[in-house]
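Notes to accompany the following structure.
The values are calculated or read from the model by the stated rules, or taken from the named source; none is laboratory data. It should be emphasised that the depicted structure is a prediction, and the values quoted were computed from it without experimental measurement. Here the Cβ positions follow ideal geometry from the backbone for every residue, glycine too, while neighbour counts run over all protein chains shown.
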Amino acid sequence: MSASCHSHAPQFEGLSLAYRRILWLVIAINASMFLAEMIAGQLAGSRALQADALDFAGDSLTYAITLAVIGRSLLVRSGAALLKGVSLLLLGLWVSGSTLWSVWHGGLPEAHVMGLFGLLALTANLVSVLLLMRWRDGDANIRSVWLCSRNDAIGNVAVLLAALGVFGMGTAWPDLLVAGLMSMLFLSSAWQILRRALAERRAALASEKT
């Protein structure tokens, strides 16, 4: 999803006390859900839950970096966005690799645990998405926050579908399929963040030369 603003339109850069307060709240939500879902994913043996938990962890880091560079130069902010894009890329690659490993070595996940924590995570992420909706079309740094929150909400719906599939079919394939799809979503979002961050970095470097 690309930003709806034209390239010459002013972009929101995070210079808002209300936005900072929302970010702190969303960080708390994501950090709490990372701990809860990682434990649940281990207990349930679910790759989809573990992938979603890592996404929560990545989001917490993303939001913290965003807070740290608000108000800084475009060059600094684009550098932060590049860091977040690379971290999301690595997360996607890790989830892909662990999912492939589980194809041959994984067991049957606990569907009821998947469903319970998937529903809890979806609620948390819908709250985060609604809180951040107003600021979804900012610069690369702000845009990355929106993409991470959107990914979480999509991933939670997918985890719930996987839980239903595991329960109804008695096989781990729905869980592995969802984990694989989530890794593709991570990689796609990483590409979007990196592409915009690189464009902003080039613009910042060109501006410094003039």
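Taking each residue of segment 121-135 that is under 21 Å from residue 160 (Cβ atoms) and looking for partners that are of a type in the set (Ser, Thr, Tyr) with beta-carbon atoms closer than 9 Å, six or more apart or interchain, yields 124/32; 125/149; 128/149; 129/149.
Would you mind stating whether residue 194 is at pLDDT 80 or above, out of contact with any Leu (no Cβ under 9 Å at 6 or more places or on another chain), closer than 30 Å to residue 25 by Cβ and in a helix (DSSP H, G or I)? Break it down into steps so the answer makes sense when it comes.
Numbers: at pLDDT 80 or above: yes; out of contact with any Leu (no Cβ under 9 Å at 6 or more places or on another chain): no; closer than 30 Å to residue 25 by Cβ: yes; in a helix (DSSP H, G or I): yes.
For residue 194, the condition - at pLDDT 80 or above, out of contact with any Leu (no Cβ under 9 Å at 6 or more places or on another chain), closer than 30 Å to residue 25 by Cβ and in a helix (DSSP H, G or I) - is not met.
Only one entry in 199, 158 is touching an Asp or Glu at 6+ places or on another chain (Cβ under 9 Å), of a type in the set (A, V, I, L, M) and assigned to a helix (DSSP H, G or I), namely 158. Per the conditions (1) among the β-branched types (Val, Ile, Thr); (2) under 15 Å from residue 53 (Cβ atoms); (3) modelled with pLDDT of 80 or more, the sole criterion not satisfied by residue 123 is (2).
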